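The values are calculated or read from the model by the stated rules, or taken from the named source; none is laboratory data. Because the structure is a prediction, the values reported are computed rather than measured. Cβ sites come from the backbone with ideal geometry, for glycine too, and all protein chains shown count toward neighbours. We work out accessible area using only protein heavy atoms, side chains counted, and drop any ligands, DNA or RNA first. Shrake-Rupley method; radii C 1.70, N 1.55, O 1.52, S 1.80 Å.
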Amino acid sequence: MKRDELLGWLREADPARLEELFRRADAVRRERVGDGVHLRGLVEVSNHCRRGCAYCGVRAANRDLARYRMDADEVLVAARRARDLGCGTAVLQAGEDPGLSAAWVAGVMRRIKAETGLAVTLSLGEREDRELRLWREAGADRYLLRFETSNRRLYDRIHPPIPGRRSDRLSLLRRLRAMGYETGSGVMVGIPGQTFEDLADDLEWFRHLDLDMIGIGPFVPHPATPLGCPALAASGPEQVPATATAACVVVALARLVCPLANIPATTALDAIAGRRGWELGLVRGANVVMPNLTPLSYRALYEIYPGKEALRDTEAGGGPGARERVLALGRTVAAGPGASGARAARRAAAGPDERAARGDACLHCH
Ligand code: 5AD
């Protein structure tokens, strides 16, 4: 899809025309990745964070927030629960927390893999290459790091760097890919100051990076953050609205530009769409949901934006869980780890030399 066409859809305001886009994305989703929805069990391991992202409720400067770090046994309990619920993957997510040592993460991950057989996705922020390499060697399958916006000026405005270290997530994503990770990224939709042109660039980056996973959610203002003040809310004809529909348009376009990617219907979409956001995402291009398996006592403290979690355990019978919601749409729950089809296609296209150079195949096997 050409840039003009992307921009046309991003600016489209006619609901009937948007239905046409959503139908197209749903058809491509069905044809390319099927009706199976992958469940990824999300475990929010720590809400400590050394960063100061201007939108995020767990930013270091939010001194009112009680901080927690799960211990290894608690993580294992959550991972077993993920397996019992039919998840093929455990996603370990946290703030950028140096207190989660590289060795501790590697150890927990080894235990999860040995005791549950689940694939493991890490989402632990911008960590050192040597740590990322260690985790990969310890068996991590995937890494998620949203680049949030490809507009460098906007990015810099909302992501104060660690002194002396330039944050460059696009190049980090390339290095993650080179280390052999399935690589996931994504953006928020409706960041104050974000334009439709910016989102068209973001979509071109999704394609360019050939992402394995793409997470897209609406920006949700958090009152304890610099971007949380309603008086600051940006406006103007080029400002992207932070709505469920705008987020769904980006999900649908992401499906069209990266047809084989794993694309979740995100928690942020669910939160702003009155807990119907998974359903909206799943019929507009998404094929993954991430039920939250963080223990309830910690879940309330992982408040990256308000209203993120109903403070009841839907998976334990407090409401329809992920499986029921997927089945109610006439879709199925996919079995297995749910590896990226984009990665398989890349591998098939690469010659044996390239595969061997990457270290994922032996030349003699071809
Ligand atoms: N609104 C929406 N999404 C947010 N995230 C963090 N803070 C917010 C917010 N206020 C998203 C970021 C991050 C992911 C884990 O959560 O995109 O990458």
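Note on residue 234 and residue 275: their simple-model spin labels are 3.3 nm apart, each label 7 Å out from Cα toward Cβ.
Compared with the direct C-alpha span, the chain from residue 166 to residue 66 gains 33.1 nm at full extension, assuming 0.36 nm per residue. Placing pseudo-labels 7 Å out from each Cα toward the beta carbon at residue 14 and residue 324 gives an inter-label distance of 4.0 nm. Along the axis of the charge dipole computed for the range 13-61 (Cβ charges of +1 for Lys and Arg, -1 for Asp and Glu, origin at the Cα centre), the listed residues 34, 46, 13 are led at the positive end by 46. Solvent exposure of the range 3-360 amounts to 40 Å² per residue of accessible area, where only protein heavy atoms count and the probe is 1.4 Å. Where both bridge residues fall in the chain, DSSP classifies roughly 5% of the beta bridges as antiparallel. For the range 113-118, backbone phi angles converted through the Karplus equation (6.51, -1.76, 1.60; θ = phi - 60°) give residue-by-residue couplings of 5, 5, 8, 10, x, 6 Hz, Gly and Pro being listed as x.
What the phi angles of the range 240-246 give under the Karplus curve with 6.51, -1.76 and 1.60, with θ = phi - 60°, is a coupling list of 6, x, 8, 10, 4, 5, 4 Hz, glycine and proline written as x. Just to verify a number: FRET efficiency for residue 31 and residue 84, C-beta to C-beta distance, R0 = 25 Å, to 0.05? Approximately 0.20, to the nearest 0.05.
With a cut-off of 16 Å on the backbone N, no residue of the range 182-208 is near the modelled label site 7 Å out from residue 4 along Cα-Cβ.
Note on residue 308: accessible area is roughly 10 Å² with a 1.4 Å probe, heavy atoms of protein only. Exposure check, 1.4 Å probe, all protein chains in place: residue 68 carries approximately 10 Å² of accessible surface. For residue 158, the solvent-accessible surface computed with a 1.4 Å probe is close to 10 Å², ligands and nucleic acids excluded. A helix-only calculation puts the chain at -12000 deg cm²/dmol for mean residue ellipticity at 222 nm, using -39500 (n - 2.57) for each DSSP H run of at least four residues, averaged over all residues.
Can you pull the percent of Cα pairs in the chain with separation above 39 Å?
Percentage above 39 Å: 9.
For the range 9-84, the square roots a ≥ b ≥ c of the C-alpha gyration tensor eigenvalues yield an a/c of 1.5 or more together with a/b not exceeding b/c, which makes the shape oblate. Across 48, 159, the residue with the most accessible area heads the list, and the full order at a 1.4 Å probe is 48, 159.
Once you have the Cα-Cα distance between residue 77 and residue 157, take 0.36 nm times their residue separation minus that, and quote the gain in nm to one decimal. Numbers along the way, then the final one.
Working: separation 80, 0.36 × 80 = 28.80 nm, distance 3.90 nm.
Going from the current span to full extension adds 24.9 nm.
Taking the Cα centre of the chain as origin, sum charge times position over the Cβ atoms of Lys and Arg (+1) and Asp and Glu (-1), and report the length of that vector in debye to the nearest 20.
Numbers: 53 positive and 46 negative charges, 98 e Å.
Here the chain has a charge dipole of around 480 debye.
Ranking 125, 147, 227 by how far each Cα lies toward the positive end of the dipole of the chain (charges on Cβ) leaves 125 at the top.
Just by accessible area at a 1.4 angstrom probe, what is the order of 59, 347, 51 from largest to smallest? All intermediate terms of the calculation are to be shown ahead of the outcome.
On the way: 59 35, 347 70, 51 15 Å².
Putting 59, 347, 51 in descending order of accessible area: 347, 59, 51.
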